[in-house]
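This report concerns only the one structure given below.
The values are calculated or read from the model by the stated rules, or taken from the named source; none is laboratory data. Here the structure is a predicted model, which means the values were calculated and not measured. Cβ placement follows ideal geometry from the backbone for every residue including glycine, while neighbour counts extend to all protein chains displayed. Remember, those area values only see protein heavy atoms, side chains included, never the ligands or the DNA or RNA. Shrake-Rupley method; radii C 1.70, N 1.55, O 1.52, S 1.80 Å.
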Amino acid sequence: VAFSHDGSNLYASIASLTDPTGEKPDDTSNGIAVYAFHEGQLTPERFIKVPLAPLARGKKSIAGPETMPKGMAISYPAGLAVLPGAGGAKLLVAENLADDAIVLDAESGKVLQQFPFSTASVVPAAFPYGVIATHDGKTGFCSLWNASAVAELNLETGRVVRRIPLLDPKSPVAPGSHPTAMLLSPD
């Protein structure tokens with residue numbers, strides 16, 4: 001969950017492995033629930049559907065129903081962060097089962113940027129989990145749970161800048177760190 005910068009909305013990620021596109025009656029699909037927040041009360045406002053994620057050439061999805069279209073992966077939104085800036089709210093979202101992160105326009109639901117993390121032939125492998133952005137909205141970070149790393153994202157250019165390994169690079173048998181939630185210090 002994440003609050004809008006003015007505190008008037010609360011965003012919550014919702015994910016489904018069995019019906020990611022919301023085709024069954026009363027299913028929502030994968031997406032972001034938006035709540036109005038006023039005087040301590042939450043009121044459901046709308047739902048932003050997160051579409052299936054396109055896979056890079058040569059990648060194969062190993063998660064989801066058998067009816068998944070070829071070349072697509074389940075978005076499965078996990079961590080999210082509200083990005084500052086003009087032009088309306090944008091959300092940075094970790095797509096846990098698609099091995100990427102996306103930037104969504106919070107009004108239209110349009111995917112504005114996609115940051116791929118997969119280094120394996122199958123998706124998911126890295127399992128992006130949590131995201132955070134700097135106060136100026138220029139840099140983002142995504143924890144890669146199964147890759148024992150944190151990815152640094154340039155939110156202006158739409159590129160993965162680097163991976164910060166959390167394992168001992170000298171030990172091929174070191175246990176994984178499985179990074180999850182993150183916080184930025186004030187400086």
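The share of Cα pairs per 5 Å bin across region 7-59, counted from zero up to the longest distance, runs 5, 19, 21, 17, 15, 11, 7, 3, 2, 1, 0 percent. Between Asp26 and Lys170, how high is the FRET efficiency from 1/(1 + (r/R0)^6) when r is the Cβ-Cβ distance and R₀ = 45 Å? Nearest 0.05. Once the sixth-power term is evaluated, E becomes 0.30. Roughly how many Å is it from the Cα centre of region 1-31 to that of region 48-74, as a whole number? Measuring centre to centre over Cα atoms gives 18 Å. Rounded to the nearest 0.05, what FRET efficiency is calculated for Ala120 and Leu183 with R0 set to 22 Å and r the Cβ-Cβ distance? Efficiency, from the Cβ-Cβ distance: 0.15.
Near Gly71, once Lys and Arg are set to +1 and Asp and Glu to -1 for all other residues with Cβ below 13 Å from its Cβ, the sum equals +4.
Can you tally the net charge around Lys110? Count Lys and Arg as +1, Asp and Glu as -1, for every other residue whose Cβ sits under 12 Å from the Cβ of Lys110. Within the 12 Å Cβ shell, the charges total 0. When the listed pairs Lys59/Lys90; Lys90/Lys110; Lys59/Lys138 are checked against a 18 Å cut-off, the alpha-carbon distance exceeds it for Lys59/Lys90; Lys59/Lys138. In terms of packing, defined here as the mean over residues of other Cβ atoms within 10 angstrom, the peptides 132-145, 54-67, 71-84, 17-30 line up highest first as 71-84, 132-145, 17-30, 54-67.
Please compute the per residue accessible area over the chain with all protein chains in place, 1.4 Å probe, rounded to a whole number of Å².
Working: 10320 Å² over 187 residues.
Ligands and nucleic acids excluded, the figure is 55 Å² per residue.
Please give the FRET efficiency for Ala12 paired with Thr139, using the beta carbon to beta carbon distance and R0 = 30 Å, rounded to the nearest 0.05. Result of the calculation: an efficiency of 0.80. Among residues other than Gly31 with Cβ under 14 Å from its Cβ, the summed charge is -4 (Lys and Arg +1, Asp and Glu -1).
Considering only protein heavy atoms and a probe of 1.4 Å, how much of the accessible area of region 15-60 is carbon and sulfur, as a whole percent? Of all accessible area on region 15-60, carbon and sulfur atoms account for 53 percent. Enclosing the Cα atoms of the chain in their convex hull gives a volume equal to 137 cubic angstrom per residue.
Taken along the Cα-to-beta-carbon direction at a fixed 7 Å, the label points for Asp105 and Met68 span 2.8 nm.
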